[in-house]
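Step one of this worksheet: look at the structure below.
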Amino acid sequence: MRKWRRLTLLATIFISLGGVVYKVAENIWITKVQEIKKNPLKALDYVPESALHMKDFRRAKIEDGRKVWEIFGDEANYYKEQKQAVIKNPRFYYFDKKGETAETTGEVAKLFFNEKELEQMQLQGNIQVNYQGYTLKSEEAIYFPEKQQIVLPKRATVVGEGLELEGSSMQVELEDKKVRLLENVKTKLEPQKLAKKNKTAQTNQMSGG
């Protein structure tokens, strides 16, 4: 009789402990899900070591219901300890508050994270930025989320209809829609193409008004 009581008591204890463990695990999981909803990049911290190589990489940042940026890549490697990701053939899109897009492509991108989110992104190799009807080219580009800025620290060119500019480096202010060429700036104009572009713009304004 005593043996039966002991078995019953032990079974009750194990069941109670099992319920406690389940509840703790459930609470931890809910906390993780809430963290990921607030910051999608946090999901990378919960990826197991064996799965740090990812195909068809895609990440985005949503802020107040608005998509701020999105990045795609053929594949990516994430390094937990360094809080870095290396992406092959990246395609990066920045969406300003008016919904206009700046598209940046390259051969390799390195993403650097702080405890909360993306801190900096460096793109290298055949950089091309399509922005406001112009094409910006260089060998390196750095995106600074806090400043909403793309910096091309090496020789850069800007090509548009009837216009070509070149400089030692370049800064792109994404929200202010400003492009600055710094040092050794060279300009090449094609008056006929510029005149045609201005004429088309004036016609569109008259049609719209």
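Scanning for something without any contact (Cβ under 8 Å) to a residue 60 or more places away in the chain and closer than 30 Å to H53 by Cβ, does region 153-163 turn up at least one residue?
Keep residues of region 153-163 that are without any contact (Cβ under 8 Å) to a residue 60 or more places away in the chain, which gives 153-163.
After this cut, where a residue has to be closer than 30 Å to H53 by Cβ as well, the list is 153-154.
Yes, region 153-163 contains a residue that is without any contact (Cβ under 8 Å) to a residue 60 or more places away in the chain and closer than 30 Å to H53 by Cβ.
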How many residues are β-branched (V, I, T) and either modelled with pLDDT of 90 or more or touching a helix residue (DSSP H, G or I) at 6+ places or on another chain (Cβ under 6 Å) (or both) if we restrict to region 168-184? 1
Would you confirm whether or not region 135-151 contains a residue that is in a strand (DSSP E or B), exposed (fewer than 15 other Cβ atoms within 10 Å of the Cβ) and more than 16 Å from the chain's Cα centre (by Cα)? yes
Inside region 56-82, can you point out the residues that are at pLDDT 90 or above and acidic (D, E)? E70, D74, E75
Hits in region 119-168 (condition: among the aliphatic types (A, V, I, L, M) and within 17 Å of V68 (Cα to Cα)): M121, V129, I142, I150
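The values are calculated or read from the model by the stated rules, or taken from the named source; none is laboratory data. In this text, all values refer to a predicted model and were calculated from it rather than measured experimentally. All Cβ positions, glycine included, derive from the backbone under ideal geometry; neighbour counts span all protein chains shown.
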